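Where a number appears in this text, it was derived from the coordinates with a stated rule and is not lab data. These figures come from a predicted structure and were not determined experimentally. With ideal geometry, Cβ positions are generated from the backbone for all residues, glycine too; neighbour counts draw on all protein chains shown.
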Ligand code: PMP
């Protein structure tokens, strides 16, 4: 381990050490200590991950699965090690069930093309929910357009939880795919994946789970989820951008046609036809994001060093604190479940008639980074009947103190703009 590295078994009780592991958090923003509350969009990275990427680039960069020389073998070894780390992290039965993609979006599109085009017929139905991110909507709309299928949407109750009665009504033997998020990026709602997966499987549907907001924040074990596919992004779990993951059940993946064609994914190429490599190479056409995947493996080491249970409990405490404190802010409307245990650490709200972008801009002047907009969930915002919300989202490095500064910042917003 070089001097740039942080020990990877940092305890969350030693928050100073945890925060020191993240160089970006050490800076001031507009003369104030930076309070980063936009981890649902993209998290920050610890030294350990930055070092892993720099080490690969400076010491053993070469293409993978190709060369017989030392550098290429070293890069291949590290890349495949990263696959094993990710597999272990989510309880996959074998590393071949892990496909490195660019991000969650590409992982979902991979399933839509490679499974959907082969199995969805005209008149079939694809069941989504009204809390989906656009990446778990548009990929299915494109599939529906290609195949003549129809999209249905599970509705939400007043607290922003899935209405499971509406799920039961919409699930029919024509439903080929049920795709939904594990945790909402706006409402914070944590969905009962195993329950939904069991009901979907009962009608023979494929279950695709968007884990972009759950895998970084809580222990996730694919054996317990009961889904067929799980998609998530490296950049939301302390890893780099440019790498994401599709986990899929091996028996399904191994029967699927490729998504993208090119080098690395073939077995034999003839002038007219080709045969394809086994899983996972079949789904990793071209040169992958090698260093990024290796650094994602380092992020997994980092998260394991802290412990996903510890991260989940830390965020639960933050959510409880935030719910209490935000309830004291006049004119603040918070969306999503009121009970902390039903939600994760993304808190979307509006403040009277003040435009969310203005709120975010005034908070920024106080060093507080939050996101404003529809957060890639326009159908959800139409249901909430607001064009935009402010979203404060937390991660392992945030503190109750920072949330108090957010609340003080909102009081300032109301003085300036209210
Ligand atoms: N699903 C959810 C729930 C998300 O929050 C996001 C990112 N905001 C995505 C999908 C898409 O992730 P990416 O942009 O990394 O593909």
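Brief remarks follow.
- Cα-based shape type of segment 63-104, given that a ≥ b ≥ c are square roots of the gyration tensor eigenvalues and the cut on a/c is 1.5: prolate
- Largest mean-square fluctuation among 23, 219, 337, in a Gaussian network model of the chain whose springs join Cα atoms under 10 Å apart, belongs to 23.
- Our summary gives the chain a relative contact order of 23 percent, counting only alpha carbon pairs under 8 angstrom and 6 or more residues apart.
- Using a Förster distance of 45 Å, the FRET efficiency for residue 331-residue 201 (Cβ separation, nearest 0.05): 0.50
- Only helices enter the 222 nm calculation for the chain: every DSSP H run of n ≥ 4 contributes -39,500 (n - 2.57), and dividing by all residues gives -11000 deg cm²/dmol, rounded to 500.
- Shape category assigned to segment 37-76 from the gyration tensor of Cα positions, a/c cut at 1.5: prolate
- Across segment 302-418, the relative contact order, built from alpha-carbon pairs under 8 Å that are at least six residues apart, equals 30 percent.
- Computed from the C-beta positions of residue 84 and residue 58 and an R0 of 35 Å, the FRET efficiency is 0.90 to the nearest 0.05.
- For the chain, the alpha carbon positions stretch 70, 58, 33 Å along the principal axes, listed from largest to smallest.
- Pairwise FRET efficiency - residue 310 versus residue 271, Cβ, R0 = 56 Å, nearest 0.05: 0.50
- Debye intensity ratio in log₁₀ form over the Cα atoms of segment 112-269, taken at each q of 0.09, 0.11, 0.13 Å⁻¹: -0.29, -0.44, -0.61
- For segment 4-79, the fraction of C-alpha pairs farther apart than 14 angstrom is 70 percent.
- Shape call, segment 123-186: gyration tensor on alpha carbons, a/c limit 1.5: oblate
- Cβ-to-Cβ counts within 10 Å put 115, 247 in ascending order as 115, 247, the fewest first.
- For segment 240-295, the convex hull spanned by the alpha carbon atoms encloses 85 Å³ per residue.
- Between residue 94 and residue 250, the modelled label-to-label distance comes to 0.3 nm, taking each label 7 Å out from Cα in the direction of the beta carbon.
- Restricted to Cα atoms, segment 215-322 shows a radius of gyration and a Dmax of 17.6, 63 angstrom.
- Stretched out straight at 0.36 nm per residue, the stretch from residue 20 to residue 32 would grow longer than its current Cα-Cα span by 2.6 nm.
- Using alpha carbons only: equivalent-ellipsoid semi-axes of segment 304-397, gyration tensor based, whole Å: 24, 15, 14
- Taking every alpha-carbon pair under 8 Å whose residues sit at least 6 apart, segment 1-108 reaches a relative contact order of 15 percent.
- In the distance distribution for segment 86-146, Cα-Cα pairs more than 12 Å apart total 71 percent.
- Here segment 54-118 and segment 340-418 have alpha carbon centers that stand 35 Å from each other.
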